[in-house]
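These notes are about the structure you will find just below.
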Amino acid sequence: MTLIGLIQRLRRPRALERIAYLALSYLGLAVFFTLAMAPRIDVGGAPGLDKVLHFGGFAVVAGLAGLSVVRPSRLAFHALVFVLAGVMIEIAQHVFIATRTGSWLDALANTAGVAAGFAAAHIFVARD
């Protein structure tokens, strides 16, 4: 089966699945906030890996939230919540954690991840 065939076979999640996706997405956001408030974590590796992790993490949790959304107004609401959370995490790191610094590039990576996650959910799930 081709990739296009697989995409066409995807269906809109049922109500209970949507609730689970939304709960998992906000649980993931809470985990991100908890990790962000911990002492500095050195990811090492290649330059820019930190930004990739920010992007990927927010893309996954936003994608889960995107799978739960049926109405566009709710999509905008959840997207705004995730973007604000990504920015607020960076502000909180800068203001409240002595061993961490907030970064506007991290906030930008978080925001791009949110956009990518919601876009992927919208594209890959059949909408009525």
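The values are calculated or read from the model by the stated rules, or taken from the named source; none is laboratory data. Keep in mind that what you see is a predicted model, and the values were worked out from it rather than measured. All Cβ positions, glycine included, derive from the backbone under ideal geometry; neighbour counts span all protein chains shown.
Among the residues examined, V95 does not qualify as on the phi < 0 side of the Ramachandran plot, in contact with a Phe, Trp or Tyr (Cβ under 6 Å, 6 or more places away or on another chain) and assigned to a helix (DSSP H, G or I). Screening A65, A36, A23 for residues that are more than 19 Å from A119 (Cβ to Cβ), under 18 Å from the mean Cα position of the chain (by Cα), surrounded by 14 or more Cβ atoms within 10 Å (Cβ to Cβ) and at pLDDT 80 or above leaves exactly one candidate, A36. Just one residue in the set A107, A112, A85 is assigned to a helix (DSSP H, G or I), touching a helix residue (DSSP H, G or I) at 6+ places or on another chain (Cβ under 7 Å) and without any contact (Cβ under 8 Å) to a residue 24 or more places away in the chain; that residue is A107. Scanning the range 110-128 for residues that are among the β-branched types (V, I, T) and either over 20 Å from F33 (Cβ atoms) or loosely packed, with under 13 Cβ neighbours inside 10 Å (or both) gives I123, V125.
Consider the range 78-109 and keep the residues that are within 12 Å of F33 (Cα to Cα) and buried (at least 18 other Cβ atoms within 10 Å of the Cβ). The one that is modelled with the lowest pLDDT is Q93.
On the given criteria, is A79 part of a helix (DSSP H, G or I), under 18 Å from the mean Cα position of the chain (by Cα) and under 18 Å from L53 (Cβ atoms)? No, not satisfied.
Taking the criterion of being of a type outside the set (A, V, I, L, M), touching a Phe, Trp or Tyr at 6+ places or on another chain (Cβ under 8 Å) and under 20 Å from A120 (Cα atoms), the residues of the range 26-69 that qualify are G57, F58, G63, G66, S68. Pairs are defined by a Cβ separation below 6 Å, a sequence spacing of at least 6 or placement on different chains, a first member in the range 20-48 that is among the basic types (K, R), and a second member that is at pLDDT below 85; the pairs so defined are R40/T99; R40/R100.
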